[in-house]
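The structure appears right after this line, and notes come after that.
What follows draws every value from the coordinates through simple rules; no lab data is involved. Owing to the predicted nature of the structure, the values given are computational and were not obtained by experimental measurement. Please note: Cβ atoms are built from the backbone with ideal geometry, for glycine as well, and neighbour counts cover all protein chains shown.
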């Protein structure tokens, strides 16, 4: 049974991909309404569609990224709002910062734990409900991330619209901040090739092969060319392989090695409004 494709479905796909309305309708029809399959279908036809990202949570709100005083742990907190009028309000930013401070002080590990933390005589969940009633907008904690490491760097970009944490094996303040800014600007999917899920690699290879076939190249060439496209995918989407934004002649891995041959990034978190 074919899925019913609505105008809202088409518009959602168009907003996510930038593809034309007719292409979006055809993609959804060909994939029987499956949104992710429709994105893959567009990419297989050669459409310039960005790889799937999971860091965008809400269109408006405030994001705080900060670490403990010893830089052994860090958090990213996103509290969403409905309008930029609220999210840019200094009082609302201070409200979110107060909750972030409590998350750090009380070592909260999840949204559920954070909601139970008390500030004064009220739980965080109660404070959020009070704020909701006061401003008349729906607000809530939409993302909470924690990173622990020998050294954690944090970075907030764009008036609290994006937060980054970087976990490293050594104290490296300037390098940590530079890598966090790299992640903010270049939006990698993973630290390195080994950190990307095998199913993601398989998906990219399949899409590459279909793109090559759509270009009219012989099937026997597709596998070889696809490997090159997957390697390009790694270079663009893994932190260590990306060109370093402050010196494009170096990769991020080469930059870290120039700072300290033993300096490593073990993980990162990036949360952005969008």
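Any idea what the relative contact order of the chain is, in percent, if you count C-alpha pairs under 8 Å spaced at least 6 apart? Before the final figure, lay out each step's value.
Working: 446 pairs, mean separation 54.5, N = 274.
Once normalised by length, the contact order is 20 percent.
Rounded to a whole number of µm²/s, how large is the Stokes-Einstein D of the stretch 151-250 at 20 °C and 1.002 mPa s, given Rh as the Kirkwood radius over C-alpha pairs? Don't skip to the end; give the middle numbers.
Values: Rh = 15.4 Å.
Answer, rounded: 139 µm²/s.
Stretched out fully, how many nm does the piece from residue 195 to residue 225 gain, at 0.36 nm a residue minus the Cα gap? All intermediate terms of the calculation are to be shown ahead of the outcome.
Working: separation 30, 0.36 × 30 = 10.80 nm, distance 2.29 nm.
Gain on extension, residue 195 to residue 225, equals 8.5 nm.
Could you please rank 271, 49, placing first whichever residue has the fewest other Cβ atoms within 10 Å of its Cβ?
Least crowded to most crowded, the residues run 49, 271.
Equivalent-ellipsoid semi-axes (√(5λ), Cα gyration tensor) for the chain, whole Å, largest first? Walk me through the numbers on the way to the answer.
Values: eigenvalues 265, 156, 38 Å².
They are 36, 28, 14 Å, listed largest first.
What's the center-to-center distance, using Cα atoms, between the stretch 195-274 and the stretch 115-145 in Å?
39
What whole number of Å gives the distance from the Cα centroid of the stretch 81-104 to the Cα centroid of the stretch 1-26?
35
The stretch 214-258: percent of C-alpha pairs farther apart than 13 Å? Write out the running numbers ahead of the final one.
Details: 610 of 990 pairs.
Summing the P(r) of the stretch 214-258 above 13 Å gives 62 percent of all pairs.
Within 10 Å, count the other beta carbons around each residue, average over each peptide in 126-137, 168-179, 151-162, and list them highest first.
On the way: 126-137: 14.2, 168-179: 17.7, 151-162: 20.2.
Ranked from most to least packed, the peptides come out as 151-162, 168-179, 126-137.
Express in nm, to one decimal, how much length is gained between residue 171 and residue 150 on full extension, taking 0.36 nm for each residue of separation and deducting their alpha carbon distance. Don't skip to the end; give the middle numbers.
Values: separation 21, 0.36 × 21 = 7.56 nm, distance 0.71 nm.
Value of the extension gain: 6.8 nm.
For the stretch 1-50, what mean projected area does the convex hull of the alpha carbons give, in nm²? Spell out each step's value before the answer.
Values: hull surface 11.7 nm².
With the hull built on Cα positions only, its mean projection is 2.9 nm².
Rounded to the nearest 500, what is the 222 nm mean residue ellipticity of the chain from helices alone, with -39500 (n - 2.57) per DSSP H run of 4+ residues and division by all residues?
Values: 11 runs with 127 residues, N = 274.
Only helices count here, giving -14000 deg cm²/dmol.
Which of the peptides 29-38, 3-12, 214-223 is most tightly packed, and how do the rest follow, judged by the mean count of other Cβ atoms within 10 Å per residue? Intermediate results must be reported in sequence, preceding the final value.
Numbers: 29-38: 15.6, 3-12: 13.2, 214-223: 10.5.
Going by the mean number of other Cβ atoms within 10 Å, highest first, we get 29-38, 3-12, 214-223.
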